[in-house]
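**Q** After the structure tokens below, expect a handful of questions from me.
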Amino acid sequence: MKVRELIEKMGLRLFSGELCLDKDISGGYVSDLLSDVMGNAAEGQVWITLQNHKNIMAVASLKELAAVILVKGQAPDTDTMAHSIEEQVPILGTDQEAFETAGMLYQLLNQ
Amino acid sequence: MEFRYEIEGGNFSRAGHASSAVKKILKQLNVDNRVIKRVVVALYEGEVNVVAHADKGSMLVDIDEQRIKIRIEDTGPGIPDIDLAMQAGFSTASAAVREMGFGAGMGLPNMKKNTDQMRVTSEVGKGTQVEMITWFSQ
Ligand SMILES: Nc1ncnc2c1ncn2[C@@H]1O[C@H](COP(=O)(O)OP(=O)(O)O)[C@@H](O)[C@H]1O
Ligand SMILES: [Mg+2]
């Protein structure tokens, strides 16, 4: 599934990165610890997190993640959005919590 | 080939820039993607440790056909007990730094796991040196 389809199927907000929505999604990873994501997430995954500061984009880009989903209505700082565009990793958002978001993503990727 | 990047202590908004520059070089040199993926983890954690724990530092990268050698050195408080610092979960990071999702105490263990060789030396009150080597093929 592409990031574009995910946005549509999950009704996600798109904060930044509309030019890079054609990446294939390989899976998901849920964590608010940057070292955990750095050490354990895999290329092409969608990262579900509460963290909305600029450093998430450094991690997402170094790990070549497909997208970041901010949960619980979190919005990225302007700095974070600028970095998202530069690094070509889209930032998405939802009002739902990480549990529901991960559940939906899991179901969509496994049907 | 040798490259050198400066790292500013305390400046989280720049954290990752050196790692990202080295990653681009490794990609351009067509280094095996699996090697790049491991090295990137070590680079980033090493860079973040200078930002989070030291005053200032630099990342020195030496690449030849066989291997990449990374040396990250800083001036800062140093590490009083390196064995303890290497333990997963050990961290002296401040509450503010933890709130940002840093300070899980996984940095040094991640660096060790993702390089072929690692050596940490430190002098309390002076600074810390981390040297890591990874070979491109076994
Ligand atoms: N460059 C450094 N200068 C001073 N102390 C350091 C440095 N790198 C690591 N440390 C010490 O080692 C601990 C563990 O490091 P690490 O495993 O990277 O976890 P974290 O950075 O999440 O705390 C740090 O909390 C800190 O006390
Ligand atoms: Mg660390």
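**Q** At 7 Å along Cα-to-Cβ for each site, give me the label-to-label distance between A:ALA82 and B:GLN66 in nm.
**A** Taking the two extended label points, one gets 4.4 nm.
**Q** Report the gain in length on full extension from A:GLN107 to A:LYS72: 0.36 nm times residue separation, minus Cα-Cα distance, nm rounded to one decimal.
**A** 10.6 nm
**Q** On C-alpha positions alone, give me the angle between the axis of helix B:17-28 and the longest principal axis of chain B, in degrees, nearest 10.
**A** The angle comes out near 10 degrees.
**Q** Can I ask one more? What average number of partner chain Cβ atoms lie no more than 10 Å from the Cβ of the residues making up B:100-112?
**A** 5
**Q** Stick to the Cα atoms of the protein assembly as shown, pair each with every other, and give me the Kirkwood hydrodynamic radius in Å at one decimal.
**A** Across the protein assembly as shown, the inverse of the average 1/r is 18.5 Å.
**Q** Using the reciprocal of the averaged 1/r over all distinct C-alpha pairs, how large is the Kirkwood radius of segment B:56-101 in Å?
**A** 13.5 Å
**Q** For segment B:115-129 and segment B:25-73, compute the distance between their C-alpha centroids and round to whole Å.
**A** Taking the Cα centre of each part, segment B:115-129 and segment B:25-73 sit 15 Å apart.
**Q** What dipole magnitude, in Debye to the nearest 20, does the protein assembly as shown give about its Cα centre under +1 on Lys/Arg Cβ and -1 on Asp/Glu Cβ?
**A** Charge dipole, the protein assembly as shown, about its Cα centre: 320 debye, nearest 20.
**Q** Could you tell me whether segment B:73-138 comes out rounded, prolate or oblate from its Cα gyration tensor? Rule is a ≥ b ≥ c as square roots of the eigenvalues, rounded for a/c under 1.5, then prolate if a/b exceeds b/c, otherwise oblate.
**A** Oblate, since a/c reaches 1.5 and b/c is not below a/b.
**Q** If you take the charge dipole of segment B:2-135 about its Cα centre, with +1 on Lys and Arg Cβ and -1 on Asp and Glu Cβ, which of B:ALA52, B:SER94, B:ALA15 is farthest toward its positive end?
**A** B:ALA15
**Q** Pull out a ≥ b ≥ c, the square roots of the eigenvalues of the alpha-carbon gyration tensor of segment A:3-110, then state rounded if a/c is under 1.5, prolate if not and a/b is larger than b/c, and oblate in the remaining case.
**A** Because its axes are fairly even, with a/c under 1.5, segment A:3-110 counts as rounded.
**Q** Report the residue, chosen from A:GLN88, A:GLN51, A:GLN96, that carries the largest GNM mean-square fluctuation when chain A is represented by alpha-carbon nodes joined by springs under 10 Å.
**A** A:GLN96
**Q** Just going by the charge dipole of the protein assembly as shown, with Lys and Arg at +1 and Asp and Glu at -1 on Cβ, which of A:SER35, A:TYR106, A:ALA82 is farthest out on the positive end?
**A** A:TYR106
**Q** Give the Debye-formula value of log10 I(q)/I(0) at each listed q (0.15, 0.16 Å⁻¹), with one equal scatterer per alpha carbon of chain B, two decimals each.
**A** Taken in order of the listed q values, log10 I(q)/I(0) reads -0.68, -0.77.
**Q** Counting Lys and Arg as +1 and Asp and Glu as -1, each charge on the Cβ, what is the dipole of chain A about the Cα centre in debye, to the nearest 20?
**A** Around 120 debye, computed over chain A.
**Q** Using the Cα gyration tensor of segment A:19-58, with a ≥ b ≥ c the square roots of its eigenvalues, what is the shape: rounded (a/c below 1.5), prolate (a/b larger than b/c) or oblate (neither)?
**A** Oblate.
**Q** Could you work out how far helix B:33-53 tilts from the main Cα principal axis of chain B, as a 0 to 90 degree angle to the nearest 10?
**A** 30 degrees
**Q** What is the Cα centroid distance between segment A:33-98 and segment B:1-22, reported in whole angstrom?
**A** Rounded to whole Å, the Cα centres lie 20 Å apart.
**Q** Related question: Which net charge results for the neighbourhood of B:SER20, defined as the other residues with beta-carbon distances under 12 angstrom from its beta-carbon, given Lys and Arg at +1 and Asp and Glu at -1?
**A** After counting each charged neighbour, the total is +1.
**Q** Relative contact order for segment A:3-110 using alpha-carbon pairs under 8 Å, separation at least 6, rounded to a whole percent?
**A** 31 percent
**Q** Then there's this: Using helices alone, what [θ] at 222 nm do you get for chain A, with -39,500 (n - 2.57) per DSSP H run of 4 or more residues, divided over all residues and rounded to the nearest 500?
**A** -11500 deg cm²/dmol
**Q** Nearest 20 debye, what's the magnitude of the dipole of chain B about its Cα centre given +1 on Lys and Arg Cβ and -1 on Asp and Glu Cβ?
**A** Rounded to the nearest 20 debye, it is 460 debye.
Values quoted throughout were computed directly from the atomic coordinates according to the rules given, and no laboratory measurement underlies them. Worth saying up front: this structure is predicted, and the values here are computed from it rather than measured. When we count neighbours, we look across all protein chains shown, and the Cβ atoms used for this are built from the backbone with ideal geometry, even at glycine.
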